[in-house]
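*Asks:* Here it is, the structure in full.
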Amino acid sequence: MAGTAAVGAQTAAPFLPPLDRVLPPAAEAVYRAVAPRVDTRDAMDIVTTIAPHWRLAGNPAFDRSLELVEARLRAAGIATHYDTITSASQGWEMRDAVLRLDGPAGETVLSMAQDRVPLAINSFPTPPGGLTARLVDVGPGTTAAHYEGRDVTGAVVLADGAIGPVWNQAVKARGAAGVISTQIAGYTQPATTPDVLQWGAIPYAAERPTFGFKATPRAARRLRERLAAGAVTVHVTADTIFHRRPVRTLVAEFPGTRLPDERVVLVAHVQEPGANDNASGTGTLLATALALQAAFADGTLPRPARTLTLLWGDEIRASDAWIAADAARLSRVVAMMSLDMTGEDTTQTGGTFLIEKAPDPTAIWARPTDPHSEWGASEVDRALLTGTFLNDLHLAVALRRARDTGWVVRTNPYEGGSDHTSFIKAGVPALLNWHFTDRYYHTNLDTIEKVSPATIGHVATIVATTAGFLAAAGAPDIAPLRALLATARDARLASERALDAPPEILEAWTRWYAEAIASAARLAAAP
Ligand SMILES: [Zn+2]
């Protein structure tokens, strides 16, 4: 997920009609077939192995992660291949990074060994022996005004603003040697988590080989403590490499039997340094594939009528490349789901499992029953507001799982920021399986002990169920699916009337559900 922040206030009970009670019989059958076959051991092996590494498209950790997943898929008899995509990623890898006070033997303030991911993506290596420079505190550091009367040429600049704008002001505009940003989101609870930092990136600039650090609250306090006592020198060692390998997407397919050109697409991004974001999604998609394969292999489920396509790759870029590669193929995609942050142990991370819905009226009008996540609302183009069967079908399946296990399921309005965005913009019904607010989101503390195998099991079960149902569905499934949608529509309109919603919103829902109910015809077996 990429980052923004705005808070959605919950002022009414979440809109969660008991749709699990009207699940189409064929979906119930798929659920019963896959639920006992979801085995999270392979997924947890993958998550445990790749979580400690900073995977970036085109770097060794990224490629190794794809190869590990591929090996498990092939061992289960699932066909795989790689697509190679164009990507701006430089295949950056951090090998070591240390920021010290005073000199090469001084006190360590930030380091890879201590803080895991303190160095900003695209930082260049320092000269042999490292670099010593003045430390200059510029406050926010994001505008010219913050530099008035300050000479930062050749210095290391300490700032509170976002690292990109600070780098542009301090390095690009004023010739600083590097930057340190203390910026961090409030939901990471920095006041009580002194060793947390949110990793970041500086612009790739070969003509200006510099570096950036993200600071923990403890490091920021220590640097400012020293500055309060007088001039400060810091010593920086950054050992990095740009591998610039071709960027690959791992593709696994269950070829459709009757409608091979029609597809259901599932995507998990692999890049980023987090255990939950997104080693967990990488593993959950594997567990989904293995559970479906097990049910197909022992005949509990017939081979799918439509093709199931699973992608592991570079977030957004892998999806955009797959979409752009074949317009005819795209036009026959029935639905897509993204798996991004699907393993949270919410007793540690906070937050809940969320289905981020394909755009519906809650993406345009704030509804107290459907609050946005703390990740934040974005401006949604009304043209994207097309009724679909997908949101309520997947919610019904998730509530079915919650009924069996007590699992907590919520939804949030469309916000964007993961692979579902690419498909929605391309006109494909798509949604996101994720968790928020995860207090460790994009931090150095998003580590393996925050991952719950049980959560991975829940998400793999519901994704396998919805995808398995859609890949097999035909004309007989349209009526029960429409009945589910009609139940959801009636519950929604009743909820809105209870909220005294204005006519505009009631009309929007009525239109949206008319489209959603009509869209179920998409599942009729086209020749
Ligand atoms: Zn992510």
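*Asks:* With a 1.4 Å probe and every protein chain left in place, work out the accessible area per residue of the range 360-474 in Å², rounded to a whole number.
*Replies:* 25
*Asks:* Write down the Å³ per residue value for the convex hull defined by the alpha carbon atoms of the chain.
*Replies:* Per-residue hull volume (Cα only) is 145 Å³.
*Asks:* Would you mind getting the accessible area per residue of the range 185-254, heavy atoms of the protein chains only, 1.4 Å probe, in Å²?
*Replies:* That works out to 42 Å² for each residue.
*Asks:* In the range 93-242, what percentage of the DSSP-assigned beta bridges are antiparallel, given to the nearest 5?
*Replies:* Here the antiparallel bridges make up roughly 55 percent for the range 93-242.
*Asks:* Once you place label points 7 Å from the Cα toward the Cβ at Ile241 and Ala173, how far apart are they in nm?
*Replies:* 3.7
*Asks:* Relative to the longest principal axis of the C-alpha atoms of the chain, give the angle of the C-alpha long axis of helix 503-519, reported between 0 and 90° and rounded to the nearest 10°.
*Replies:* 70
*Asks:* OK, next. Want the number for Thr86 to Ala206: 0.36 nm per residue separation, take away the alpha-carbon distance, what's left?
*Replies:* 41.3 nm
*Asks:* Relative to the present Cα-Cα distance, how much length would full extension add between Asp96 and Thr386 at 0.36 nm per residue of separation?
*Replies:* Going from the current span to full extension adds 99.6 nm.
*Asks:* How much of the accessible area of the chain, in percent, comes from carbon and sulfur atoms when a 1.4 Å probe is used?
*Replies:* So the carbon and sulfur contribution to the accessible surface is 55 percent.
*Asks:* Charges only on Cβ, +1 for Lys and Arg, -1 for Asp and Glu: so what's the dipole of the range 93-242 about the Cα centre, in debye to the nearest 20?
*Replies:* My answer is approximately 120 debye.
*Asks:* Straight-line reach from Lys172: which lysines have a Cα under 28 Å away, not including same-chain ones fewer than 8 places off?
*Replies:* Lys172 reaches Lys214.
*Asks:* In the chain, what % of DSSP beta bridges are antiparallel (nearest 5)?
*Replies:* Percent antiparallel among DSSP bridges in the chain is about 55.
*Asks:* Something else about it: Whole Å is fine, so just give me how far the alpha carbon centre of the range 309-336 lies from that of the range 386-409.
*Replies:* If we compute the Cα centre of each part, the gap is 24 Å.
*Asks:* Taking +1 at the Cβ of each Lys and Arg and -1 at the Cβ of each Asp and Glu, which of His146, Ala133, Ala402 sits farthest along the dipole of the chain towards its positive end, judged by Cα position relative to the Cα centre?
*Replies:* Result: Ala402.
*Asks:* Set Lys and Arg Cβ to +1 and Asp and Glu Cβ to -1, take the dipole of the chain about its Cα centre, and tell me which of Leu223, Tyr440, Gly274 lies farthest positive.
*Replies:* Result: Gly274.
*Asks:* Cross-link partners among lysines for Lys425, C-alpha distance below 29 Å, same-chain residues fewer than 8 apart left out?
*Replies:* Lys357
*Asks:* On full extension of the chain, what length is gained from Arg303 through Glu379, given 0.36 nm per residue of separation minus the C-alpha to C-alpha distance?
*Replies:* 23.3 nm
*Asks:* Separate question: Would you compute, from DSSP H runs of 4+ residues alone, the mean residue ellipticity of the chain at 222 nm, taking -39500 (n - 2.57) per run and dividing by the full residue count, rounded to the nearest 500?
*Replies:* -10000 deg cm²/dmol
*Asks:* If you bin the C-alpha pair distances of the range 93-242 every 5 Å from 0, what whole percents do you get?
*Replies:* 2, 11, 22, 25, 23, 13, 4, 0
*Asks:* Follow-up question, since we're still on this one. Hey, got the dipole for the chain? About the Cα centre, +1 on K and R Cβ, -1 on D and E Cβ, debye to the nearest 20?
*Replies:* Value, rounded to 20: 280 debye.
*Asks:* In debye to the nearest 20, how big a dipole does the range 29-186 give about its Cα centre with +1 on each Lys and Arg Cβ and -1 on each Asp and Glu Cβ?
*Replies:* In debye, rounded to 20, the range 29-186 gives about 300.
*Asks:* Next up: At Leu227 and Arg403, where each label point lies 7 Å from the Cα along Cα→Cβ, what is the point-to-point distance in nanometres?
*Replies:* 5.9
*Asks:* At a 10 angstrom cut-off on C-beta neighbours, averaged per residue, how do the peptides 17-25, 140-148 rank from highest to lowest?
*Replies:* 17-25, 140-148
*Asks:* Would you mind putting 330-342, 157-169 in packing order, based on average other-beta-carbon counts within 10 Å, highest first?
*Replies:* Per-residue Cβ counts within 10 Å, averaged per peptide and sorted highest first, yield 330-342, 157-169.
The values are calculated or read from the model by the stated rules, or taken from the named source; none is laboratory data. Quantities reported herein were computed from a predicted structural model and do not represent experimental measurements. Cβ atoms come from the backbone with ideal geometry, glycine included; neighbour counts cover every protein chain shown. Side chains included, ligands, DNA and RNA excluded: accessible areas come from the protein's heavy atoms. Shrake-Rupley method; radii C 1.70, N 1.55, O 1.52, S 1.80 Å.
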